[in-house]
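First comes the structure, then the notes that go with it.
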Amino acid sequence: MRVTRSEMSAASSKHIAIVGAGVAGLTAAALLAHRGFRVSLFEKQSLPGGRAAAMTWDGFTFDLGPTLLFMPDVYRDAFARWGGDFDREVPMLRLRPNYRLNYADGKQLVISSFLSETMRSLEAFAPGSSRGFLRYFADAADAYQRSRRLFVGERIRSFAHFLSPERIAALFSTGAFRRLGAQASRSFGDPRVAGALSFQSMYLGMSPFDAPLLYRLLLFTELGEGIFFPFGGIGALPRALDRAARRNGAQLRYESEIAAIERHGKRVVALRTAGGERIECDALLLNADLPYAYDRLLGEPEHRSLRMRHTPSALLVYVALEERYEDLLHHEFVMPDDLRATCNDIFRRGRIPEDPAIYLCAPSASDPSMAPPGKEALYLLVPAPSLEGVVDWAGEREAIVARALRIVEERRLPGLRSRIRWVRSRTPLEFQNELFLDRGSAFGLSHDLLQIGPMRPDNRHATLENCYFAGASTRPATGLPLVMLGALQSVDRLCEELG
Ligand SMILES: Cc1cc2nc3c(=O)[nH]c(=O)nc-3n(C[C@H](O)[C@H](O)[C@H](O)COP(=O)(O)OP(=O)(O)OC[C@H]3O[C@@H](n4cnc5c(N)ncnc54)[C@H](O)[C@@H]3O)c2cc1C
């Protein structure tokens, strides 16, 4: 969108308030300020990023949430909108291979965006399994290209707009009405191979056995385009957005919690901080978790988002290791033998699985500055139910963490517990209490078919005409690149509608 000089000066008299310095809130702040608005962003935490924030303790740097960067063109395009150069501001490395999967019998599978490496590994793991791979991958590529253009690339304006003949045809051809897990099983005889090439739906907080086949597109994002690592960690992204927003003139206020929103008729007129300060604004963009924002900030506990299905959550374990494992790749997974049983425990029974899938991130493999020399900032993610499940996080936290460390030691990292300097953890309780995520759900509202596209909560309030949303639980979806795309779409809409 081009902005003329007279539009700039009209914009500069308008004050836009943003609540939340997640990746979506920061992106919106940088772009709105670039377009000439007076922008004030309020964030309750002391640092940028929300779920994507990073912390350094004792010389060990941890990305607290996301660790995989996909779809780099989205970041490049966003930064270019305000004249920034993403590659210069956030230098990155493309990983090769992407990751290694480890099974209880000692077998390993290596997944690489250099496809011949993946095919060799598949063949060694389960002879014959590489045969169906290229076809499966090509279908994933097709699902990605169509979805990117038709479902997330432009703002969905209404049901009628969404249900164009081209979109309806794409829903059928990409497999929106079939199940990912079932198709993976048909394509690959070996259930572990089927699991390895379909579990990526868990990045969206969905079991592959329930997820629409459409979500095989996630396999393409990591195999077709690659997985990237910004030097210094994913935290480099929100830090760069924070700098861009300030450079463009936005005022960013950390440790400033917003406690209430004041409205008059069909408009938001002001915010109140927890300290009692009143801030008037011409428009508001809420990056705080959408169901929480409706419930606690807008005072609408009946809003439908509070009755919608939420994704599960995760237990995160941050481990300072005295000695790194030289053979550990940047990303590895300790995989269960029966992925279906594991998913049923999390997604249906609301409990920590007997045989969990555990993701390991060892960033020193790519960037030694992430930990003191020779040491490792090891990150474990155990998919787990949200606070809707039956886990007593307050009472069982230590036992659950200890069990996860024991499993990793037995299956992948011998002697792990003897190398530990200290351990910290984050559970759905912290997601709820520190980041204000409804039910402690890590990824926001679920992405089943009835909760995407026009069925996902809109990025503008239905009646408050100057109140917008950006982030994981609004359109288009969760994940760093998608919340960024969503923020750009919300800003464009705000600019159009604010005149
Ligand atoms: C464990 C985990 C792993 C993930 N892994 C990946 C990955 O590898 N790759 C990927 O692409 N995505 C990943 N994701 C998803 C990704 O992190 C999220 O989709 C994205 O960061 C969400 O950003 P957001 O802008 O919606 O807001 P959030 O990050 O939720 O930020 C919202 C901000 O609002 C603030 N806030 C809330 N209420 C108030 C208030 N009243 N006043 C002031 N401030 C307030 C919060 O403190 C928070 O900082 C992961 C998520 C988690 C939790």
For this session: Look at the range 48-73 and say how many of its residues are within 13 Å of the ligand (Cβ to nearest atom) and over 30 Å from residue 334 (Cβ atoms).
Result: 1
Problem set entry | Tabulated pairs, the range 129-141, first in contact (Cβ under 8 Å) with a residue 60 or more places away in the chain, second among the basic types (Lys, Arg), C-beta under 8 angstrom, 6+ apart or interchain | 136/216; 139/216; 140/216
For this session: Go through the residues of the range 106-119 one by one and say whether even a single one is surrounded by fewer than 22 Cβ atoms within 10 Å (Cβ to Cβ), more than 12 Å from the ligand (Cβ to nearest atom) and in a strand (DSSP E or B).
Result: yes
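Quick one: which of 388, 376 is touching a Lys or Arg at 6+ places or on another chain (Cβ under 7 Å), crowded, with 20+ Cβ neighbours inside 10 Å, in contact (Cβ under 8 Å) with a residue 40 or more places away in the chain and not basic (Lys, Arg)?
On the way: 388 fails: crowded, with 20+ Cβ neighbours inside 10 Å.
Just one listed residue meets the conditions, 376.
Here is a yes/no grid of residues against (1) on the phi > 0 side of the Ramachandran plot; (2) part of a helix (DSSP H, G or I); (3) small (Gly, Ala, Ser):
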position: 33; (1), (2), (3): no, yes, yes
position: 47; (1), (2), (3): no, no, no
position: 51; (1), (2), (3): no, yes, no
position: 56; (1), (2), (3): no, no, no
Exercise. In this structure, does residue 454 turn out to be away from the ligand (no atom under 16 Å from the Cβ) and assigned by TED's automatic domain parsing to the domain that holds residue 326?
Worked result: no
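Here are some residues: 167, 192, 179, 155. Which one is surrounded by 13 or more Cβ atoms within 10 Å (Cβ to Cβ) and in contact with a Ser or Thr (Cβ under 9 Å, 6 or more places away or on another chain)?
Numbers: 167 fails: in contact with a Ser or Thr (Cβ under 9 Å, 6 or more places away or on another chain); 192 fails: in contact with a Ser or Thr (Cβ under 9 Å, 6 or more places away or on another chain); 179 fails: in contact with a Ser or Thr (Cβ under 9 Å, 6 or more places away or on another chain).
The unique qualifying residue is 155.
Have a look at 417, 475, 424, 406 and point out the one that is in a loop (DSSP other than H, G, I, E, B), basic (Lys, Arg) and over 17 Å from residue 312 (Cα atoms). If you could, list the steps in order and put the result at the bottom.
On the way: 417 fails: in a loop (DSSP other than H, G, I, E, B); 424 fails: in a loop (DSSP other than H, G, I, E, B); 406 fails: in a loop (DSSP other than H, G, I, E, B).
Selected residue: 475, the only one of 417, 475, 424, 406 that is in a loop (DSSP other than H, G, I, E, B), basic (Lys, Arg) and over 17 Å from residue 312 (Cα atoms).
What number of residues in the range 21-47 are surrounded by fewer than 24 Cβ atoms within 10 Å (Cβ to Cβ) and more than 11 Å from the ligand (Cβ to nearest atom)?
Start the filter on the range 21-47 by keeping residues that are surrounded by fewer than 24 Cβ atoms within 10 Å (Cβ to Cβ), which leaves 34-36, 38, 40, 44-47.
Next cut, more than 11 Å from the ligand (Cβ to nearest atom) only: 34-36, 38, 40.
So the count comes out to 5.
Here is a yes/no grid of residues against (1) modelled with pLDDT of 95 or more; (2) within 15 Å of the ligand (Cβ to nearest atom); (3) of a type in the set (A, V, I, L, M, F, W, C):
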residue: 210; (1), (2), (3): yes, no, no
residue: 217; (1), (2), (3): yes, yes, yes
residue: 226; (1), (2), (3): yes, yes, no
residue: 229; (1), (2), (3): yes, yes, yes
residue: 238; (1), (2), (3): yes, yes, no
residue: 245; (1), (2), (3): yes, yes, yes
residue: 251; (1), (2), (3): yes, yes, no
residue: 254; (1), (2), (3): yes, yes, no
Exercise. In this structure, is residue 302 free of Cβ contacts under 8 Å to residues at least 60 places away in the same chain, closer than 29 Å to residue 361 by Cα and not in a strand (DSSP E or B)?
Worked result: no
Seminar exercise, completed: Expected output for the range 47-75 (first residue charged (D, E, K, R), partner assigned to a loop (DSSP other than H, G, I, E, B) and more than 10 Å from the ligand (Cβ to nearest atom), Cβ below 6 Å, 6+ apart or cross-chain) is 63/233; 63/235
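Do we find that residue 490 is touching a helix residue (DSSP H, G or I) at 6+ places or on another chain (Cβ under 9 Å) and in a loop (DSSP other than H, G, I, E, B) in this structure? Steps first, answer last, please.
On the way: touching a helix residue (DSSP H, G or I) at 6+ places or on another chain (Cβ under 9 Å): yes; in a loop (DSSP other than H, G, I, E, B): no.
No: the conditions fail for residue 490.
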Problem set entry | Qualifying position, being in contact with a Pro (Cβ under 6 Å, 6 or more places away or on another chain), surrounded by fewer than 23 Cβ atoms within 10 Å (Cβ to Cβ) and not assigned by TED's automatic domain parsing to the domain that holds residue 370, among 228, 209, 199 | 228
Exercise. So which pairs qualify, if the first residue must be in the range 149-160 and under 15 Å from residue 485 (Cα atoms), the second must be of a type in the set (Asp, Glu), the Cβ gap must be under 9 Å, and the two must be at least 6 apart or on different chains?
Worked result: 150/166; 155/492; 156/458
Exercise. Any residue at all in the range 261-283 that is of a type outside the set (S, T, N, Q), within 22 Å of the chain's Cα centre (by Cα), surrounded by 14 or more Cβ atoms within 10 Å (Cβ to Cβ) and within 15 Å of the ligand (Cβ to nearest atom)?
Worked result: no
Problem set entry | Flag if residue 357 is crowded, with 21+ Cβ neighbours inside 10 Å and either in contact with a strand residue (DSSP E or B) (Cβ under 8 Å, 6 or more places away or on another chain) or over 18 Å from residue 319 (Cβ atoms) (or both) | no
For this session: Identify, by number, the condition in (1) within 16 Å of the ligand (Cβ to nearest atom); (2) at pLDDT 95 or above that residue 390 doesn't meet.
Result: (1)
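Going through the range 405-431 one residue at a time, which ones are within 16 Å of the ligand (Cβ to nearest atom) and of a type in the set (Ser, Thr, Tyr)?
Restricting attention to the range 405-431, the residues satisfying the condition of being within 16 Å of the ligand (Cβ to nearest atom) are 424-431.
425, 427 - these are the residues of the range 405-431 that are within 16 Å of the ligand (Cβ to nearest atom) and of a type in the set (Ser, Thr, Tyr).
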Exercise. Of these, 434, 497, which one is within 12 Å of the ligand (Cβ to nearest atom), surrounded by fewer than 16 Cβ atoms within 10 Å (Cβ to Cβ) and either closer than 30 Å to residue 60 by Cβ or more than 16 Å from the chain's Cα centre (by Cα) (or both)?
Worked result: 434
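The values are calculated or read from the model by the stated rules, or taken from the named source; none is laboratory data. Just so it is clear, the structure is predicted and the values come from calculations on it, not from any experiment. We place every Cβ from the backbone using ideal geometry, glycine too, and count neighbours over all the protein chains shown.
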